[in-house]
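All remarks here apply to the structure that follows.
We did not get these values from a lab; they are worked out from the coordinates using the rules stated. Note that the structure is a prediction, hence the values are computed from the model and not measured. Ideal geometry is used to build each Cβ from the backbone, glycine not excepted, and the neighbour counts take in all protein chains shown.
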Amino acid sequence: MEPRGRLLSSSTNFVPLPIYKTCPGCGHSKINKIISSEVENPDVYDPVNRWLQLTEKKYFFPYHVCAKCKLLYVKEYYSEEQLSQLYQKLSDNIFSGDHRAHLLTQQGYAQLITKVFVPQNSGLRILEYGPDIGLLSKQLTQRYKPDKYFLIEPNTKLHDDFLVELPNAHIWEDDSQIIEIEDDSLDLIVMVHVFDHILHPYEKLRLLREKLRHGGKLFLVTHSSGSLLRYVLRKNWPPYCLHHPQLYCPASIQNILIRAGFSGVETHRTYNYFKLGTYLNGILSIINVDKTFSFGPVVKMPVGNIATMATK
């Protein structure tokens with residue numbers, strides 16, 4: 001694919017700004033190394049196309065590796081206002097490229113949640129960040145029948161198409177309205193491939209902990225920077241992208257959760273479902289061959305993601 005031309009005048013607002021001076025996970029200032037993309041002159045690309053990953057070469061902001069907790073984080077990033085505009089441009093987030101495969105993956109997350117989360121009271125309240133088309137939300141609704149289900153989805157195109165069908169749903173474009181939720185009132189908070197998108201994660205965890213009841217659960221699914229896949233794919237590792245201001249490993253996720261006051265932190269390996277051709281795409285990327293095969297049966301495999309459960 002050819003580059004889409006130089007920076008468009010309509011896109012000049014999408015300029016990264018300083019965001020972290022020190023590690024947002026532990027506050028440490030020293031770094032082990034910096035991981036940068038191989039694009040020498042990123043300004044030749046329209047930043048919106050870079051965000052949508054439509055450029056010829058993979059581009060991401062440099063990741064700094066914390067010397068203390070091993071968190072990968074950027075020091076410059078888009079503002080909340082810029083991110084709101086950029087997320088509106090994304091389509092439905094079907095990671096696997098296949099609806100059935102995506103559904104099977106979400107069912108796996110639901111099974112993990114039901115193994116560790118047993119409600120201790122009636123009048124259940126759940127908060128979910130980034131429900132997308134609501135596949136996991138429907139499963140949790142059927143399992144727990146919450147009195148209130150708060151959904152935060154920045155892609156407003158999905159609200160009327162999918163999320164309004166959920167019973168007792170309260171749908172918000174961003175989490176600025178979370179202050180309206182009473183402290184000590186939520187039973188479960190769910191973030192599947194959302195936490196590594198959130199700015200100022202420590203402060204966010206402190207706020208979310210206030211909203212949980214005593215004994216309430218937080219469930220996160222994140223990419224793991226400690227996975228074998230990261231080392232095999234190197235800079236072609238898919239989570240290296242503009243959407244992630246930080247990337248976690250088991251050590252860094254446990255560190256930030258404990259620092260924010262959570263207890264009983266447990267991490268679990270997760271499994272994803274993809275068509276066989278999708279795995280072939282990943283193998284070819286090692287030798288810098290960019291393909292988008294989509295063929296063959298749906299196969300279950302661990303691809304280096306982790307699920308983390310923590311308790312207030």
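Counted by neighbouring Cβ atoms within 10 Å, the residues 57, 70, 33 run from fewest to most as 33, 57, 70.
To the nearest 0.05, what FRET efficiency results for residue 179 and residue 232 with a Förster distance of 30 Å applied to their C-beta separation? E between residue 179 and residue 232, to the nearest 0.05, is 0.10.
Extension gain, residue 80 to residue 99, is 3.8 nm, computed as 0.36 nm per intervening residue step minus the present C-alpha separation. In terms of other Cβ atoms within 10 Å, 306, 253 run from fewest to most in the order 306, 253.
For the pair residue 168 and residue 34, the difference between a 0.36 nm per residue extended length and the Cα-Cα distance amounts to 43.7 nm. Here residue 206 and residue 120 are evaluated by their C-beta separation; at R0 = 30 Å the FRET efficiency comes out at 0.85. Note on residue 147 and residue 301: their simple-model spin labels are 4.6 nm apart, each label 7 Å out from Cα toward Cβ.
State which entries of 30/75; 21/68; 33/235; 204/312; 57/157 exceed 23 angstrom in Cα-Cα distance in the structure shown. Check vs 23 Å cut-off fails for 57/157. Under the classification rounded if a/c is under 1.5, otherwise prolate if a/b is larger than b/c and oblate if not, where does segment 94-311 fall, given a ≥ b ≥ c as square roots of the Cα gyration tensor eigenvalues? Prolate shape, in that a/c is at least 1.5 and a/b is the bigger ratio.
Residue exposure proxy: 190, 265, 15, ordered by other Cβ atoms within 10 angstrom of their Cβ from fewest to most, comes out as 15, 265, 190.
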